[in-house]
Structure formats: C-alpha cells, structure tokens
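Here is the structure we will look at.
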Amino acid sequence: MHDTAAFLAALGDVPAISDPDIVRRKSRDMTANFSPVMKDDALRHVADVLVQPRDRADVLRVASAAARTRMPLVMRGAGTCNFGQGIPLAGGAMVDMTALDRVLAVDGARVRAEPGARMAAIDEATRPGGWELRIHPSTKRVATLGGFVGGGHAGVGSCAWGILRDRGNILGLEVVSVEEAPRTVQLRGDAVNRVHHAYGSNGIITAIEMPLAPAWAWREAVVVFPEFMTAVEFAHALSTSDGIVKKLVSVLGGPIWRMMRMLKDLSGADNDGMVLAMVAEPFMEAFEALVAEFGGQLASVAAEGQGPYRVPIYELAWGHTRLHVNRDHPEVVSNVGLYLDPDLVGAIRRSHRRFGHLLGMHFEAKRFDGKLSFQGSPFFRYEGDAHLAEVMRGMAEDGAMVANNHTFLVKEGGMKSVDAEDRAFKQAMDPHGLMNPGKLRFDEAAARESKGGDLPSAGWRFRGADAAEPANA
C-alpha cells in the first residue's frame, strides 16, 4: 500500500484530487479502445490520487514528495496515447501536467515550450512567423507536446522529416529527477532519446525545444484508384518525389474507408485503393500530374480543414483511422508493421495477397533511419491472441519489421531500444524506481503480470538496437 496521506502532506499546497471517480477517469487513456489484449488489464489499474502541478516549482515539490514517501508517479498529458503509456500499473499518483502549457520562446526555426502545451496552440504561436511543428500526431488539436515526446513515435510530417528519434527532430529537453532533492538535467543531441518514448519512466519533462518547418498553405487531397496496389505504388512515387512538398501520405484499402462514416461516400464501388495526402499549394500542379500518371481520380481537393469530411484530413489518418472504423466496428483491430525500401512495394504486395481475405490494409508513409517506409498492417476482426500472433508472423515473413502494439512494456513494443545506458540513466534520474513502474523491463516485479509481452515481435532496428533483421528484409 502507498502512504497517500504522507505524500499529500509532503506536497504542501500543490493541488491534488482524491475523488475516486475523477482519479479513475484520469487513470485511462485510449489503450482499452485500441487493444483487446490489454483492455481488461488497462481498466483494472487505477491511481491512488491525482496531482495537478501549476508550474515548475510544483513539479519539484511533487518529485521530492514522491521520493520521500516512495509514491509511484505516472505523468499524464491529454491521455490520447494508445499503447498503455499512461496506465498506472503500480497505482500511485497520476500527475496531470496540462497546466504547464506555456510557449516559452519562439526563436526563428525553433520553439521552446512546457510539456502541457497543446500542439495546436504551439502552431498558433509559430505560424505568424511562417513556421510550424515538423511532426505532430493525428490528435494534434488536443495532444500535448510532452505526451507526444514522452510516448509518441511518428506522425503527420514524418513522410518528410522522419520519426521523432531521428537526429534533429528533438533539439533539447529539460528533465527533473525524482529524488529527495530533485535535480534539473538539460539533454541535447542524441541524449534526448534517453527520455523520448520512455513512457515517462526516467525523468519528469519540464521543457522541450523542437525544430520548426516552413508553414505552407496546405491542400488536402483524396485520391482513389481501381486497384489497391496501384494506390500503394502511387503513394510510393509521391513519397519519393522530393520536389513535391508534402505532409501526409496515407493509404487505405477499400474495405477500410467504407467502414469510415466520413469517407465512405467519396468513392465509387469500383475503387479499391485510396490515398489521403497533404501537399503544399505551389506543388499541386505536379501532384495532379502524378495522379494522372497512375490513373487515379481526385475525389476531393480542399484547403486544410475545409474538406467534405468536416475535419482536418490528418484526423482520418494514423491512429484516427482505427478510431473512426471502431465507432461502428469495435471488433476490428490492427498491428504495427514497418515495410522498408528497397522492397517496400514488393513486401506489401506479398502481405496483400496473404491477407486478402481480411478487411483491407492501412499504411502511413514515413522516413525511418534515413529510409522510406510504410507503417501499417491489415485490419481484421479480433479472434483471440493466437490469431493476432498469426497475422504478426505473416507480416514478418512477407518482409515487415513487426512492432508489438499490444503490450505495456517499452522494449517489447519494439519502437525503442533499451540498453545498459538507459538502465544507468534510469538509475540516476529515478533511483527509487518510482516513475511509471512496470513499463521498463528493469521494473521486473511490476511488469510481471503485464499483458501482451509474449506476442511475437521482430523489433525495429534503430541505431544501437539489438533486434535481428526481419525475414525477407
């Protein structure tokens, strides 16, 4: 049992809420919606108390109080994550960071902000100067920067800029240790990846410095094709057309968009492939020429956020694709696979043949470690863990690098390597093992009953990672 009374006494006047209904709601994220493997486990874990620091000084009080009373801490932003990042496996205090929401500085092509800053608000602050964030999730309108950096991986913009882990996509982090006398550590360069995608397990982020990209006038396009593989080939050609400035390249199989209320009426019955794209306005002529070259049809072209689907087009892509499908088809699930060039199209063709009896495939174009890749998988009705594992193995046999998105564990998820240096950093920043216990394999006791860790995963081979090459890669 945690000594909640002693922890609250040590907090002083830092706002805290013990109402069980509020604490239960804040102990949830999107995991239960996205993974039937983790659903029951996610719903049974509840924090003991909700803490709401108002500023950096409050954060230091929270860190010190936790260390003195041995209270576990789980950092929370908007709660839009879906890999179990914000589920309190060991209970403790849920720390709501959304009040730390200031944009601290905009300096040319870089921005420094607090972790609770909404990503849409950051773009509002930088766009008057002609800049915007390079990469953002499909949940941009509500997601916080700290949540994205701490638990995210890629997103809208990754087709041009790569993933968050790639050098230069996170410029700097300010992180507070969880000790009786908390320390503030500044991380720059490759060191930022000690904290990025660590699920808030090795330091409390209090400030983030990100690079910016030119803020183009974006045009949204929906392109349809008679054949799904033609859509894949077009998306590959668009992604490798470096002269066309783009922000989103998303590929949907016919069964998928027909399960999405906002897209189902945009294409005729004879089309089986759809590409959602965001292209900078000056390059639309070149884009439309490429569409014609592949025999596609423009079902919609609109200014950003003005399409007939009534939301920004990126809210139909990435994680939002499943979200829209699950509104009417909650039994539909997917995996995460990475199909890499030089055989990206060939590997997807093999998977398309293998899984043609399922519900279509969904891919997002992104740069990965300097290479073009398509991230995605088939959509299918969940029939149990054995079926899920069978699909993952088939994707790997076809040439995909498979990440396990049905586990609470950082390393088993496959999107982050965890090595001896991560262990040393964790020990230095969190010597009592209080930060999000159970999410790193170092926390063996808390992780022992975590679901999904035994599903197959080839792992994603980042710089310094120890995962093996996938089959046919």
Label points 7 Å out from Cα along the Cβ direction at D369 and A424: separation in nm?
2.3
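Would you calculate, for the chain, the mean residue ellipticity at 222 nm contributed by helices, counting each DSSP H stretch of 4 or more residues as -39,500 (n - 2.57) and dividing by all residues, to the nearest 500? It would help to have the intermediate numbers written out before the result.
Numbers: 16 runs with 133 residues, N = 473.
Only helices count here, giving -7500 deg cm²/dmol.
Between Q297 and R110, what length in nm is gained on full extension when 0.36 nm per residue of separation is reduced by their alpha carbon distance?
Working: separation 187, 0.36 × 187 = 67.32 nm, distance 3.81 nm.
The Q297-R110 span can extend by a further 63.5 nm.
Would you mind working out the accessible area per residue for the stretch 53-201, using a 1.4 Å probe, and quoting it in Å²? Display every interim value, and only then the final one.
Values: 4820 Å² over 149 residues.
Roughly 32 Å² per residue, with all protein chains present.
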If you average 1/r over every pair of different alpha-carbon atoms in the stretch 272-385 and take one over that average, what Kirkwood value in Å do you get?
16.0
The FRET efficiency for R310 and T184, from their Cβ-Cβ distance with R0 = 45 Å and rounded to 0.05, is 0.55
Give me the distance in nm between label points sitting 7 Å out from Cα along the Cα-to-Cβ direction at R381 and R393, one decimal.
2.3
Compute the label zone of A269 within the stretch 219-233: residues whose backbone N is under 15 Å from the point 7 Å along Cα-to-Cβ.
none
Just to compare against my own numbers: the Cα pair-distance distribution for the stretch 179-267, 10 Å bins, whole % per bin, please.
11, 27, 20, 24, 13, 4, 0
Amide H to amide H under 5 Å from E132: which residues, 5+ apart in sequence or cross-chain, H placed 1.01 Å off N in plane?
A213, A215
Go through the stretch 222-233 residue by residue and turn each phi into a ³J(HN,Hα) via Karplus (6.51, -1.76, 1.60, θ = phi - 60°); whole Hz please, and just put x for glycine and proline.
10, 10, 10, 9, x, 10, 4, 5, 5, 4, 5, 5
Karplus 3J(HN,Hα) series, Hz, for the stretch 161-168 with 6.51 cos²θ - 1.76 cosθ + 1.60 (x for Gly, Pro):
10, x, 9, 4, 5, 4, 3, x
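What number results when the radius of gyration of the stretch 234-279, computed over Cα atoms, is divided by 2.2 N^0.38 Å? Kindly include the intermediate steps, with their values, before the conclusion.
Values: Rg = 12.0 Å, N = 46, 2.2 N^0.38 = 9.4 Å.
Working it through for the stretch 234-279, the quotient is 1.27.
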Within the stretch 245-274, backbone nitrogen closer than 20 Å to the virtual label 7 Å beyond the Cα of R327 toward Cβ:
250-268, 274
Qualifying aspartates and glutamates (Cα of each under 14 Å from Cα of K366; at least 8 residues distant if same chain):
D166, D242, D341
Multiply the residue gap between R102 and D341 by 0.36 nm, knock off their C-alpha separation, and tell me the result in nm, one decimal place.
82.0 nm
For the stretch 146-219, what is the Kirkwood estimate of the hydrodynamic radius, computed as the reciprocal of the mean inverse distance between distinct Cα atoms, to one decimal in Å?
13.2
Please list 3J(HN,Hα) in residue order for the stretch 96-107, calculated via the Karplus relation 6.51 cos²θ - 1.76 cosθ + 1.60 where θ = phi - 60°; whole Hz, with x for glycine and proline.
7, 9, 6, 6, 8, 10, 7, 7, 7, 6, 10, 10
Using the heavy atoms of the protein chains and a 1.4 angstrom probe, tell me the accessible area per residue for the stretch 268-347 in square angstrom.
39
For E304, the residues 5 or more places away or on another chain with a placed amide H closer than 5 Å to its own amide H are W218, E220
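Which number comes out as Rg/Rh for the chain once both Rg and the Kirkwood Rh are worked out on C-alpha atoms?
Numbers: Rg = 21.8 Å, Rh = 22.6 Å.
We get a ratio of 0.96 for the chain.
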Solvent-accessible area, 1.4 Å probe, carbon plus sulfur percent, for the chain:
49
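The values are calculated or read from the model by the stated rules, or taken from the named source; none is laboratory data. These figures come from a predicted structure and were not determined experimentally. In this analysis, Cβ positions are derived from the backbone assuming ideal geometry, glycine residues included, and neighbour counts consider all displayed protein chains. When the accessible area is computed, the model is the full protein with side chains, heavy atoms only, and any ligands, DNA or RNA have been set aside. Shrake-Rupley method; radii C 1.70, N 1.55, O 1.52, S 1.80 Å.
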